[in-house]
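K.L.:
Input: one structure, supplied below.
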Amino acid sequence: MLHFALLPALVFARSDEPFRELSFADALSRAAETERVVMVDFFTTWCAPCKQLDRVTWKDEGVRSWLAKTTVALKIDAEIETELAERYAIDAYPSILFIGPDGDEIGRVVGYRDPAPFLTEARDVLAGVRKSDRTREELDEKGWNQPMLRHNHARELVRERRFEEALEHYLWCFDEGVANDASYSGVRVSFLLNSIAALGTKYPPALAALRARRDAAMAELMAGRTTTEAVTDFSSINSHVGDEQLTLEVYDRLADVEAQRVNGGRLDARQMLFWDVVPLLLDARRYEEIVSRMGRAKFVVSRLTRSYRLSKSMMVHDEEYAAYALRTAVEECARFYEAAVGTRANDEDAELLLADVLELDDSPETREVLARHARRAERPEVADAILGKVERESAGAREQD
């Protein structure tokens, strides 16, 4: 139990109506005198959702009126008052805590909320109703075999620091989710793994559970029992728990494992893992292997550029995402460009690659990415040639000025 007498007496909150300029200890005393609770908005100066709270939610008249009647409200920078943040286990921003006059936490709201949802959740906290109670009610109503609903329920349990329960639901989603909802497959190896890995930073059994499933998938691959799910699970879990090097080690060991025959064809786990280990092969300067396994470089890059153009045509109203998609496509192409110039025997393919990428986007930023990869391949003369046009154009612009 956490009591205010144990906390630093000199922790002062920032004053900005409806928030008070009081020490934390004084706020607890004021709450006891007025039969209110202390509400603390733990923020950081770099937190965008925190700034959104300041701009929107804390400016709302309904919110301000409720806070004034119900709470002694403080704003505390968690990176300055680190001891207080540690005592209340603040690990996400903003974290809005409701604390009784004795210093015990009543509940919290984590993340940005618009005014109306904030008031609903805040009142629930003070009434003893947790957000996970709401998500549990939804599961009772709609069924516990729906992975997205269980995923959301587990997320709320994490916010309430009920880690063991949260992990149980996350692992059900990983093990059984797709069997109950095929559309969950993409979420399973992306957002779900992100959630479990993030939980693992606070609750180590989560990482152990992921690695156990990774090891089971690895055993299947090494026994020649290749499935798409085993390859995807093995590689995806490694990337989320920081074990990418193991993916490369198994990729190499699979050279001695015969590809599994399925429906008259062959499932080659090594080939299936190839795309995931390309960055690691580049780091190891294994350029010849990349070139030999990727087929004609022009075909690979053409596929990537076509994919980007298709994506761009579907996101004409989202310039930020379009820019992200372009950067991703350029970086992916540049990896193969590095392999091609790195072998020194594939300069023709490298020229075709270069032409395709610059046809997609001939900007100084794209040329710098390509030049960086050429330098990594120890081809400074190629990097200089790529940047030559940019340098000439910059010089011409300076002359005109």
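K.L.:
For the stretch 165-175, state whether one or more residues are hydroxyl-bearing (S, T, Y) and more than 29 Å from V56 (Cβ to Cβ).
P.N.:
Scanning the stretch 165-175, I find at least one residue that is hydroxyl-bearing (S, T, Y) and more than 29 Å from V56 (Cβ to Cβ), so the answer is yes.
K.L.:
Quick check on the stretch 197-207. Is at least one of its residues touching a Lys or Arg at 6+ places or on another chain (Cβ under 8 Å) and of a type in the set (S, T, N, Q)?
P.N.:
No, the conditions are met nowhere in the stretch 197-207.
K.L.:
Also, quick follow-up: Could we say that F336 is of a type in the set (F, W, Y), assigned by TED's automatic domain parsing to the domain that holds I386 and at pLDDT 85 or above here?
P.N.:
Taking the combined requirement at face value, the residue satisfies it.
K.L.:
Now for a separate question. Only one residue in L139, L97, L119 is at pLDDT 95 or above, hydrophobic (A, V, I, L, M, F, W, C) and within 20 Å of K59 (Cβ to Cβ), so which one is that?
P.N.:
Answer to the selection: L119.
K.L.:
While we're here: Going by the structure shown, is A355 small (G, A, S), modelled with pLDDT of 85 or more and surrounded by fewer than 18 Cβ atoms within 10 Å (Cβ to Cβ)?
P.N.:
Considered against the rule, which asks whether it is small (G, A, S), modelled with pLDDT of 85 or more and surrounded by fewer than 18 Cβ atoms within 10 Å (Cβ to Cβ), A355 comes out as yes.
K.L.:
Out of the stretch 61-87, which residues are assigned to a loop (DSSP other than H, G, I, E, B) and either within 16 Å of P101 (Cβ to Cβ) or not small (G, A, S) (or both)?
P.N.:
E79, I80, E81
K.L.:
Here is a further query. Evaluate the following for A89: is it out of contact with any helix residue (DSSP H, G or I) (no Cβ under 6 Å at 6 or more places or on another chain), on the phi > 0 side of the Ramachandran plot and modelled with pLDDT under 95?
P.N.:
Against the criterion (out of contact with any helix residue (DSSP H, G or I) (no Cβ under 6 Å at 6 or more places or on another chain), on the phi > 0 side of the Ramachandran plot and modelled with pLDDT under 95), A89 qualifies.
K.L.:
Let me ask something additional. Pairs, please: C-beta under 6 Å, at least 6 apart or cross-chain, first residue assigned by TED's automatic domain parsing to the domain that holds G224 and over 16 Å from A217 (Cα atoms) and in the stretch 245-270, second at pLDDT 75 or above and not basic (K, R)?
P.N.:
Partner pairs satisfying both residue conditions: E258/G224.
K.L.:
Right, here's the next one. E258 fails exactly one of the following numbered conditions: (1) of a type in the set (D, E, K, R); (2) in a helix (DSSP H, G or I); (3) at pLDDT below 90. What is the number of that condition?
P.N.:
Failed condition: (2).
K.L.:
So which residues in the stretch 267-287 are in contact with a strand residue (DSSP E or B) (Cβ under 9 Å, 6 or more places away or on another chain) and under 13 Å from D252 (Cβ atoms), if there are any at all?
P.N.:
A269
K.L.:
Here's something else I'd like to know. Would you tally the residues in the stretch 127-153 being closer than 29 Å to V37 by Cβ and part of a loop (DSSP other than H, G, I, E, B)?
P.N.:
4
K.L.:
A further question on this structure: Within the group E121, E168, which residue is closer than 29 Å to S235 by Cα and assigned to a helix (DSSP H, G or I)?
P.N.:
Answer to the check: E168.
K.L.:
Working only within the stretch 206-239, note down all residues that are more than 21 Å from N194 (Cβ to Cβ) and either basic (K, R) or not in a helix (DSSP H, G or I) (or both).
P.N.:
A223, G224, R225, T226, T227
K.L.:
Taking the condition assigned by TED's automatic domain parsing to the domain that holds W66 and either touching a residue at least 60 places away in the same chain (Cβ under 8 Å) or farther than 25 Å from M39 by Cβ (or both), does F118 pass?
P.N.:
The answer is yes for F118.
K.L.:
May I pose another question? Determine which member of the set R113, R108 is outside the structural domain of A206 (by TED's automatic domain parsing), of a type in the set (D, E, K, R) and more than 24 Å from P204 (Cα to Cα).
P.N.:
Residue meeting the stated conditions: R113.
K.L.:
Still on this structure, I have one more. Which pairs have Cβ atoms under 8 Å, sit 6 or more apart or on different chains, and link a residue in the stretch 205-232 that is without any contact (Cβ under 8 Å) to a residue 24 or more places away in the chain to one that is part of a helix (DSSP H, G or I) and of a type in the set (V, I, T)?
P.N.:
Short answer, once both residue conditions are applied: A217/V231; A217/I237.
K.L.:
Right, something else. Identify, from the list E220, E229, E165, the residue that is acidic (D, E), over 18 Å from the mean Cα position of the chain (by Cα) and under 20 Å from R155 (Cα atoms).
P.N.:
Step by step, each of E220, E229, E165 is checked, and only E165 is acidic (D, E), over 18 Å from the mean Cα position of the chain (by Cα) and under 20 Å from R155 (Cα atoms).
The values are calculated or read from the model by the stated rules, or taken from the named source; none is laboratory data. Quantities reported herein were computed from a predicted structural model and do not represent experimental measurements. Here the Cβ is made from the backbone with ideal geometry for all residues, glycine too, and neighbour counts use every protein chain on show.
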